[in-house]
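One structure below.
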Amino acid sequence: MNQIINQFRRIFADDGRGDKDFTQQEERLKKAQDELKEASASLARAANHLADFIKARM
């Protein structure tokens, strides 16, 4: 029971001191996510072109 009370006490007493700044990491992850989205869109376009090419050859 004391553990639960201590958890609530820590949650409500947390004022943000000692928190780490993850801004740079978040920016790198956002950039990587954007690049992955662009790559997957490019791959989808290439797959569609390949499918169209295969259909045209039949």
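The values are calculated or read from the model by the stated rules, or taken from the named source; none is laboratory data. On a predicted model such as this, the values are computed, not experimentally measured, just so you know. Because the Cβ atoms are built from the backbone with ideal geometry, glycine has one as well, and the counts that use them run over all protein chains shown.
Quick look at the values:
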quantity: Residue within segment 15-36 that is exposed (fewer than 10 other Cβ atoms within 10 Å of the Cβ), at negative phi, in a helix (DSSP H, G or I) and hydrophobic (A, V, I, L, M, F, W, C) present; calculated: no
quantity: Top-ranked residue of segment 18-58 - restricted to ones that are under 26 Å from the mean Cα position of the chain (by Cα) and among the basic types (Lys, Arg), ranked as modelled with the lowest pLDDT; calculated: Lys20
